[in-house]
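Report on the following structure.
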Amino acid sequence: MKYISLTKKLLIVTLLVTFFMPAAFSQWKNVSDRYQPLPADMDVFYTDDLFNGRAFQAYYAVIRPSGKTRFETAVGNGKRFTPQEYYEREGKPLMVVNTTFFSFETNQNLNMVVKNGKLVAYNVSAVSVKDTDSFYYPTTGAFGISKKQVPDIAWTFTDSSKKHAYALQQHPSVVKGTASKPSLKNLQLKPAARKWKVETAVGGGPVLVQNGMVRVTNTEERKFVTGLLDLHPRTAIGYKPDGSVIILIVAGRMPGIAEGINLKELAELFVSLGCVEALNLDGGGSSCMLINGKETITPSSKGEQRPVPAVLMVR
């Protein structure tokens, strides 16, 4: 009994240290020369340093506001394409990166996408509560950018009968109800929610950073509720106070080479890069970032790019 008690105590201490211990941040190398030609307002960085004692590989691109680059989205319109296929279909943009979660069965985006100021995909607005007839109505994290290329991350709700998404800027909302297709009235978001007037946007979740501090809202968004510390390949996006956007991609599921990162560490990594807000996007085998048509990380899905229903592009 004493042995069991001691083992439990050690396990508790280990979990507490893992959760509260600051991440061991990597040293980044500027590898922009690998992906030329690049505009003067963009750089690419890479690391293969150990991260918290694990094999680690990651890239990030920083796009500084200059008026010379712009963000756009592309969707498959009921089909899925690899990032390389989007690159060819969309006229070879500077960058292509995966974004939304999706259904393998229907190819449907499970998060919002805004293209040229119009909603072209919608969030899943109701999540069933296990063993009940009720639903959660979460507000889901999304990244958006205005016509003037001002970035924002917010918790959002979409209604296919509305032209705009609605956004909460200070905190997410989780309401329960029995309607399987809730409206703004069901969510009780007004007056806090406002129309989110963005030119380009992609959803994902959970939000990782708010006001320059770690704030992972996986529970509120009903996204990876019990998966805060799970290691996976990741795609994520954030921005700095000067409006510079950072798109980060982490390799994973390659033991001894690149083991991935958890959501808490991912949030801490964005804080270390100076971001005031950051958002997790679809990861795992979907994680892929192309710069001038060249891969950064090796996709974890047998080294092959996974077809996805939406991408974010930089031109």
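The values are calculated or read from the model by the stated rules, or taken from the named source; none is laboratory data. This one's a predicted model, so the numbers in the text were calculated from it and none came from an experiment. Because the Cβ atoms are built from the backbone with ideal geometry, glycine has one as well, and the counts that use them run over all protein chains shown. Ligands, DNA and RNA are stripped out before the accessible areas are found, and what is left, the full protein with its side chains, is counted by its heavy atoms. Shrake-Rupley method; radii C 1.70, N 1.55, O 1.52, S 1.80 Å.
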Here the residues within the range 201-238 that are more than 28 Å from Ser128 (Cβ to Cβ) and either within 15 Å of the chain's Cα centre (by Cα) or of a type in the set (Asp, Glu) (or both) are Val209, Val214, Ile237, Gly238
Taking the range 22-79 as the region of interest, how many residues are over 20 Å from Leu231 (Cα atoms), open to solvent by less than 70 Å² (accessible area, probe 1.4 Å) and of a type in the set (S, T, N, Q)?
4
Given (1) assigned to a loop (DSSP other than H, G, I, E, B); (2) open to solvent by less than 20 Å² (accessible area, probe 1.4 Å); (3) touching a strand residue (DSSP E or B) at 6+ places or on another chain (Cβ under 8 Å), number of the condition Leu248 does not satisfy:
(1)
List the residue pairs whose Cβ atoms are under 9 Å apart, where the first residue sits in the range 219-235 and is assigned to a loop (DSSP other than H, G, I, E, B), the second is among the aromatic types (Phe, Trp, Tyr), and the two are 6 or more positions apart or on different chains.
Glu220/Trp155; Glu221/Trp155; Arg222/Tyr136; Lys223/Phe101; Leu228/Phe19; Leu229/Phe19; Asp230/Phe224
Single residue of Lys115, Lys79 found to be of a type outside the set (Phe, Trp, Tyr) and out of contact with any strand residue (DSSP E or B) (no Cβ under 8 Å at 6 or more places or on another chain)
Lys79
Among the residues of the range 80-97, which ones are among the acidic types (Asp, Glu) and either buried (at least 16 other Cβ atoms within 10 Å of the Cβ) or outside any helix (DSSP H, G or I) (or both)?
Glu85, Glu90
Out of all the residues in the range 262-315, which are in contact (Cβ under 8 Å) with a residue 60 or more places away in the chain, buried (at least 19 other Cβ atoms within 10 Å of the Cβ) and among the small types (Gly, Ala, Ser)?
Ala278, Ser286, Ser287, Ser300, Ala310
Taking the range 195-243, which residues are among the β-branched types (Val, Ile, Thr) and open to solvent by less than 10 Å² (accessible area, probe 1.4 Å)?
Thr200, Val202, Val207, Val209, Thr217, Thr235, Ile237
With the structure loaded, tell me whether Lys148 is in a loop (DSSP other than H, G, I, E, B), surrounded by fewer than 17 Cβ atoms within 10 Å (Cβ to Cβ) and modelled with pLDDT of 95 or more or whether it fails that test.
no
Of all the residues that make up the range 161-190, how many are open to solvent by 100 Å² or more (accessible area, probe 1.4 Å) and either within 23 Å of Val129 (Cα to Cα) or over 24 Å from the mean Cα position of the chain (by Cα) (or both)?
6
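One line per residue, one yes/no per condition, for (1) within 21 Å of the chain's Cα centre (by Cα); (2) of a type in the set (A, V, I, L, M, F, W, C); (3) under 19 Å from Lys294 (Cα atoms):
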| site | (1), (2), (3) |
| --- | --- |
| Ala40 | no, yes, yes |
| Ile63 | yes, yes, yes |
| Lys68 | no, no, no |
| Phe71 | yes, yes, yes |
| Gly78 | no, no, no |
| Tyr86 | yes, no, yes |
| Pro93 | yes, no, yes |
| Leu110 | yes, yes, no |
